[in-house]
Structure formats: C-alpha cells, structure tokens
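Down below is the structure, laid out as structure tokens.
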Amino acid sequence: MDRKRYAPNRNQPRPWWLLLAWVWLTLVPLLASGCELNQPKIYRVGILSGLEIFSATVDGFKAGMTELGYIEGQNIIYDVHQISFDQEAYQQILQHFVTDRVDLIVAITTKAALEAKAATAGTDIPVIFAIATIEGVGLVNSVREPGGNITGVRLPGPDLSLKRFEVMHELLPQARRIWIPYQRNYPTVADQLAALYPAAEATGITLLEVPATSAAELAADLAARATPDDPGMDAILFLGEPLNATEDAFAVIARFAAQHRVPIGGSTMSLDGYEAVFDVRINNFAAGQQVAFLADKILRGTAPGSIPVLSAESYLEINYRMTERLGLTVPGGLLKQADRIIR
C-alpha cells in the first residue's frame, strides 16, 4: 500500500496562541528588568552614639536627611545604638555594622569615631564622625583632607574648654583653685589641658586635675580634699570628655558642690535642682544636620576622605537662676555674650 507523504503548508497561518506566547515570553523579562531599574535604592546607615546625651545629634541627622529627600522606611533605614561610654560595646556594634555591610556609619564622640575608623579599616564603608575632637588623636590627616574613608563634624574641644575657663574666671575672679575631673587616658583631654594651663598661669589659678575611671574614684578624691571649713576648691570645671556626662559621676559631684556651695561650670545636667552656673557647648541638633549634609555628598558618590571636616558651632548658656542662688554677680558684658539665659 502506498503511503502518502504530506509536506507542511508554509502558507498556513500559525495558531494565534503561539504568537501570543512568544510575545509574552519576550516581554516579561524586559518588563521585570524595567521594574528593577525603577526601584529606588534603600540606603542602610549604622549610627553609634557614644553617649546617650547626644540623642539630639541623632535627631538632627535624621531631620537633615529627611530635608534632603531621604525618607526613613522608604529609601533609607537607620540602625541606631546609643551607649554610654563602653569601648567593648562600641566594638561589638561596629563589627555588626561591618558584617551587615551598611552603606554608611555615623559615629558620635571621639572614642566611638576612633573605634569606627579601626573597625572599617580595609573596607569601603564610609564613616562620618560627630562631636569628636580631632587634635592629637589620629582621627584624620587634616581638616581640609581628612583622608581614607572618613570625614565629619569636629568638636572644637580645646577652644570650648578655654572658653569655659574664661567664663568661669569672669564669673568668679576671686577663685584660685579649680577642680577638673576627667576620664583617665581619654584621648581628647591632653589637648584641652594644654589650652588651659597658659591661661591658668596668667591668672594665678591652680588647676586641680583628677583623672578617674569611676564615680567612686571621684567621691574618694572629694572626700580627701574637703574639711569642715574648706571644700578644697573654689570652683569645678568640666572638660569635653565622657565621665562627667554619666549620671553617677555627676551625682557625686553635684551633691558635693551643693553641700559646699561650689559653682560648677560646663554642664547641662541637674541633680535635685543643683545645676552648673553656665555652659559653653555646641548645638547638638545642628551638628546632626551638618552630618546629614556630609552624608548626602557621600551617598551621591563623593569620596569621604576628600570632603573637608566641618566645625560645630558653640554657644554660651548662662544659668542666671543658679548664679542668684549662689550669690554670684554676672557681669553685664557676659550676659550680652550669652546665646541663652536661664532665669
């Protein structure tokens, strides 16, 4: 039996569903690719605040980023850790940031910044510091060219400490002994003291340095100095360092100062209504906004080490209410210099 051979009819149209399938398979990958291209990048920022009192700096940073178009939860995510002076905790948190490959690390305080620089060595993770002293600590190469993966907003530590000394001398011209407690071996202290000693010698004032590691050590020093008739000092002055910003240390100092009516300068903390008579400090919120300006430049592709370091602006606050309580006369010129007066 002969078998008929059938040749395909090349003029016969292909089924419509085959054409539709071909179009679908061709377009779907292209559409998916286009959707991915339109997805905004979500930046991840690790924030380490070396002292809880600098929460306003974190708030200022977030507010500044929002103004620049970085909306939390939409195109930016923050991983915030606020720790009171604890070097081991700093290192653990920073290692977490590095392992997590965050896009940026913000480190607040000098010690936190130094640890962040060490933790990111050999990586391409940029670091921005805030409220950090750069003099004599090896944090940056220079103000104009910080170098490496780091830049930030410096704390003018020696300048602030010298201004605090000058204000204290103007408020208490008769004071001859100023007690200065600070965290032992903290990297920013030496430069601050170096700024104070020439001024102290010129005014005949003795600086009573008390390096310590705890509130208990401060309490022991105060107890050893005081007698029923003499507290062993005429005033207390705080430097830019972490010990006196802790609640335990300030409580020890404030109780002693209240008992002996010794004026404190350089703090915003309070214990049972006993406060410092003045402070010269930076605007923490504004410093955070400055950090946001730097972060935007880095996230847009500028190398951090090529961005000049910014300086936080300082301002003078006079606690007039406290000066009245201690019977101090505030010179009119000093009141005119004040950016804020607490009455």
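Computed from Cα atoms, the angle from the helix 87-99 axis to the main principal axis of the chain rounds to 20 degrees. Axis of helix 110-119 versus longest Cα principal axis of the chain: the two differ by about 30°, to the nearest ten degrees. Kirkwood analysis of the Cα pair distances in the stretch 162-206 returns a hydrodynamic radius of 11.2 Å.
Extension gain for the segment LEU271 to GLN174, taken as residue separation times 0.36 nm less the Cα-Cα distance, is 32.3 nm to one decimal.
When you count the other C-beta atoms within 10 angstrom of each residue and take the mean per peptide, 213-225, 195-207 line up highest first as 213-225, 195-207.
Taking 0.36 nm per residue of separation and subtracting the current Cα-Cα distance, fully stretching the chain between GLU72 and SER55 would add 4.4 nm. For the stretch 200-299, the convex hull drawn through the C-alpha positions has a volume of 151 cubic angstrom per residue.
With R₀ fixed at 30 Å, the C-beta to C-beta distance from ASN141 to SER84 puts the FRET efficiency at about 0.50.
Within the shell of other residues whose beta carbon sits under 15 angstrom from the beta carbon of THR66, the net charge comes to -3, with Lys and Arg scored +1 and Asp and Glu -1.
Here the spin labels are modelled as points 7 Å beyond Cα on the Cα-Cβ line, and at ARG255 and ALA216 they lie 1.4 nm apart. What's the FRET efficiency of GLU166 with GLN39 using the Cβ-Cβ distance as r and R₀ = 41 Å, to the nearest 0.05? According to the calculation, E is roughly 0.15. Can you return the lysines within cross-link range of LYS111? Criterion is Cα-Cα under 30 Å, with same-chain partners fewer than 8 residues away left out. The reachable lysines, counting only those whose Cα sits under 30 Å from LYS111, are LYS62, LYS163, LYS297. What the Cβ-Cβ distance of ASP229 and ILE341 gives, at R0 = 41 Å and to the nearest 0.05, is a FRET efficiency of 0.75. Give the label of the value calculated from the structure for semi-axes √(5λ) of the Cα gyration tensor in Å, choosing from (i) 28, 23, 19; (ii) 36, 22, 18; (iii) 61, 19, 18. Given (i) 28, 23, 19; (ii) 36, 22, 18; (iii) 61, 19, 18, the structure-derived one carries the label (iii).
Taking 0.36 nm per residue of sequence separation and removing the Cα-Cα distance, the ARG101/ARG184 pair yields an extension gain of 26.5 nm.
Any read-out appearing in this document is the output of simple, stated calculations on the displayed coordinates, not a laboratory observation. Because the structure is predicted, anything quoted here is derived from the model rather than measured. When we count neighbours, we look across all protein chains shown, and the Cβ atoms used for this are built from the backbone with ideal geometry, even at glycine.
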